[in-house]
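Before any comments, here is the structure.
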Amino acid sequence: MTIHRNLIGGAPAGEDGRPNINPSDTTDVVGLYARATADDARAACAAARAAFPAWSRSGPMQRHTILKTAAAEIAARKDELGTLLAREEGKTRAEGIGEALRASQIMEFFAGEALRLTGDLVPSVRPGVEVAVTREPVGVVGVITPWNFPIAIPAWKLAPALCYGNTVVFKPAELVPGSAWALVDILHRAGLPDGVLNLVMGTGAEVGQVLLDSPDVDALTFTGSVPTGRRAAAACAQHMRKMQLEMGGKNPLVVLDDADLETAVECAVNGAFYSTGQRCTASSRLIVTAGIHDAFVAAVVERLRGLTVDHALKEGTHIGPVVDERQLAGDLSYIDLGRQEGAHLAFGGERLDRATPGFYLQPALFTECSNTMRICREEIFGPVAAVIRVRDYDEALAVANDTPFGLSAGICTTALKHATHFRRNARAGMVMVNLPTAGVDFHVPFGGCKGSSYGPREQGRYAAEFFTTVKTAYLAA
Ligand code: ADP
């Protein structure tokens, strides 16, 4: 098997190829991917620093053309890239293809943004003086990504970074180097000058840590767990470096008595369990008013019975495996904990055997939960949801907001007054009405409040806040 190597200063680097294992079938090696060392990561930071002056002065047409070329190649190869993604991460093939297409759309969007960058020219309060307000690239951007969206999250960080004239050192999650490698290969061949985009595949502790510690990194964009996010924040504060952190969620989906039952069940099942529940926007708390509670639980259990958990590439699979053994063990220990805390396991929660050896888990639905239980406070990041019964809308809103997180919050209701009140009062970066908490557009901002996010929003034109810095110039004639 050929080794897929890192990319440092435009040159392939690294010989130490590690197998990328398919979580649907652990006998299937997706490919060999080089593991970077700390020295490789330092070399990548230096290469990005060296490439910055020229790239920061490159014209918008060059950046537009490169991003557009990459978008077109990703779209043309969406089936192949989506299959690779599903094979290394475990989401279904359809979800993988959808995600590859999303990466293409993001590239296309930022190809356009490269040509739309504007500034302001305003008269000064001092006669004879003009003020120009412009946006400039920040410098070298460190990009650290998680395994759950192996191509979309890298795309929504790399595309704006490059669009606005920054250079990049990119460290993807260890479990999913394949999608990251393919994306970097496409961007590199689309015409990026050497050193503008550097890829270092490896562990967080070794390679990621270099990005946190390097004085060459001017801005850090990170998506991952809360503990690593905290560590990244501390390192960024130490360096007085710009940061953008996307971390966990414990997203509520409120279901009111007046909800359309079918819509509510669809939102809950999709939001909580699709992509194996491994989405930071997953609906892990289903907050249901008493009048609809029993009918809702019965209908969700019925829907869960009809879902097929199997190999991600198999036709008819609704839910693929958990990403790896460690994550599966974590999910199972939370399921045990839920039982110990007194919640009722209404469905699933057991490890499953399939034709191929993989990390299969029957989606778990807990009922009779209290919002104080750890299964309702901590992010599990698996196909596990907890139903919390409440009296009325007011209690539902209070419970929804009673969490350290604030990424996405949903409500299913046919009452305009509740929908409007919830939209205004849910403490979350994203609010969904009669829609799953997960599943977002690519051209509008993404992010949360409280413990979920820190720093400017990602995606859409709001991405410019993080990936550029503002200069105010005063000119006397
Ligand atoms: P998860 O538990 O979901 O893997 P992590 O926060 O551990 O979440 O991982 C998210 C990303 O952060 C991954 O790319 C991982 O390698 C990276 N990472 C983990 N530890 C560190 C660290 N000490 N410094 C920098 N990056 C890290």
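Before moving on, here are some points about what is shown:
- Unit Cα scatterers, Debye sum, the chain: log10 I(q)/I(0) for q = 0.06, 0.07 Å⁻¹: -0.27, -0.37
- Distance between modelled label sites at R391 and E302, nm, 7 Å Cα→Cβ extension: 3.1
- For segment 327-477, the equivalent ellipsoid derived from the Cα gyration tensor has semi-axes of 36, 22, 14 Å, listed largest first.
- Top positive-direction residue, dipole computed over segment 274-364 with Cβ charges, set G348, G338, A295: A295
- Beyond 25 Å in Cα-Cα separation lie the following of the pairs K171/K314; K91/K157; K78/K242; K157/K417; K68/K242; K68/K157: K171/K314; K78/K242; K157/K417; K68/K242.
- The protection proxy used here, the mean number of other Cβ atoms lying within 10 Å of each residue, ranks peptides 316-325, 343-352, 47-56, 401-410 as follows, highest first: 401-410, 316-325, 47-56, 343-352.
- Spatial separation of Cα centroids for segment 413-477 and segment 130-178, in angstrom: 18
- For K450, a cut-off of 12 angstrom between C-alpha atoms picks up these aspartates and glutamates, skipping any fewer than 8 places away in its own chain: E246, D402.
- Length added when fully stretched, A329-L416, from 0.36 nm per residue minus Cα-Cα: 27.1 nm
- In this simple spin-label model, placing a label point 7 Å from the Cα along the Cα-to-Cβ direction at both E130 and A237 gives a separation of 4.3 nm.
- Gap separating the Cα centres of segment 67-95 and segment 232-297, nearest whole Å: 25
- Sites A75 and T2, calculated FRET efficiency, Cβ-Cβ separation with R0 25 Å, nearest 0.05: 0.50
- The magnitude of the dipole of the chain, with charges of +1 and -1 set on the Cβ of Lys/Arg and Asp/Glu and taken from the Cα centre, is near 1240 debye.
- Cut-off under 5 Å, modelled amide H: who pairs with I287 long-range: L253, V254, V255, I388
- Subtracting the Cα-Cα distance of K314 and R57 from 0.36 nm times their residue separation leaves 87.7 nm of extension gain.
- With the simple spin-label model, which puts each label point 7 Å out from Cα in the Cβ direction, the D120 to L261 separation comes to 5.4 nm.
- Set of aspartates and glutamates with alpha-carbon distance to K471 below 14 Å, sequence-local pairs under 8 removed: D120, E130, E136
- Enclosing the Cα atoms of segment 102-152 in their convex hull gives a volume equal to 122 cubic angstrom per residue.
- Computing FRET efficiency as 1/(1 + (r/R0)^6) for T203 and A477, where r is the C-beta to C-beta distance and R0 is 45 Å, gives about 0.20.
- Cα Rg, Dmax, segment 1-54, angstrom units: 14.2, 46
None of the figures in this text is laboratory data; all of them are computed from the coordinates on show. Just so you know, these numbers come straight off a predicted model, no measurement behind them. Neighbour counts are summed over all protein chains in view; Cβ atoms, including those assigned to glycine, are modelled from backbone coordinates with ideal geometry.
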